[in-house]
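Take a look at this one; I'll ask things after.
The values are calculated or read from the model by the stated rules, or taken from the named source; none is laboratory data. Owing to the predicted nature of the structure, the values given are computational and were not obtained by experimental measurement. Methodologically, a virtual Cβ is constructed for each residue, glycine included, from the backbone with ideal geometry; neighbour enumeration extends over all protein chains shown.
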């Protein structure tokens with residue numbers, strides 16, 4: 001039996017190390033997913049170790065086989081990761097692709113959860129990122145915080161792990177992940193109640209201020 005665990009990270013670099021740690025412990029890349037804000041355009045496809053953007057048609061669809069259906073939705077329907085749908089290589093992080101998910105704006109993503117959210121964005125499903133998380137077994141309350149965290153510049157890592165090894169994998173991610181209860185409390189103190197897919201995505205400046213605020217709190 002497998003269970004789903006999710007953790008929020010304040011930046012991609014920290015999250016990507018967590019992904020590599022999971023893979024290093026033997027977890028299959030097909031059981032891991034990553035969704036990272038690209039509001040500040042850190043991912044362009046031109047940097048070493050990253051993949052370029054897939055070609056899009058005039059409607060914004062990724063339709064390399066020209067069958068009129070977004071390749072991301074096809075990948076989601078077939079159970080493939082976004083990396084596979086966009087021609088990814090071996091390993092989760094090698095299959096990163098640029099997507100636009102309602103409420104999150106531009107994100108860099110790969111893996112099974114990202115496929116579900118991408119399918120929703122392409123019209124193949126409903127519910128977006130919160131729906132994808134709750135469908136995977138994440139509580140609705142936590143799903144809203146995770147989605148809001150990505151909207152504000154964070155990175156979400158989600159993994160399907162054997163129930164018997166859940167504690168071990170959670171401890172591994174908790175070494176560098178955001179404390180979701182503290183982050184929820186901080187959001188609510190500022191007047192936030194839940195993730196709104198219709199809200200404007202954060203700008204690069206807003207993301208930088210958000211990250212700086214939590215770095216300052218962590219150093220206090």
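Within region 146-220, which helices (runs of 4 or more DSSP H) (wholly inside it) include 2 or more residues that are within 15 Å of the chain's Cα centre (by Cα) and in contact (Cβ under 8 Å) with a residue 40 or more places away in the chain?
Per the criteria, no element qualifies.
Condition check ((1) farther than 20 Å from residue 112 by Cβ; (2) in contact with a strand residue (DSSP E or B) (Cβ under 9 Å, 6 or more places away or on another chain)) across all residues:
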| position | (1), (2) |
| --- | --- |
| 167 | yes, no |
| 173 | no, yes |
| 176 | yes, yes |
| 182 | yes, no |
| 185 | yes, no |
| 189 | yes, no |
| 193 | yes, no |
| 196 | yes, no |
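Pull out all pairs, ordered by first then second residue, where Cβ-Cβ is under 9 Å, the residues are six or more apart or on different chains, the first lies in region 123-134 and is at positive phi and at pLDDT below 85, and the second is surrounded by fewer than 21 Cβ atoms within 10 Å (Cβ to Cβ) and outside any loop (DSSP other than H, G, I, E, B).
127/134; 127/135
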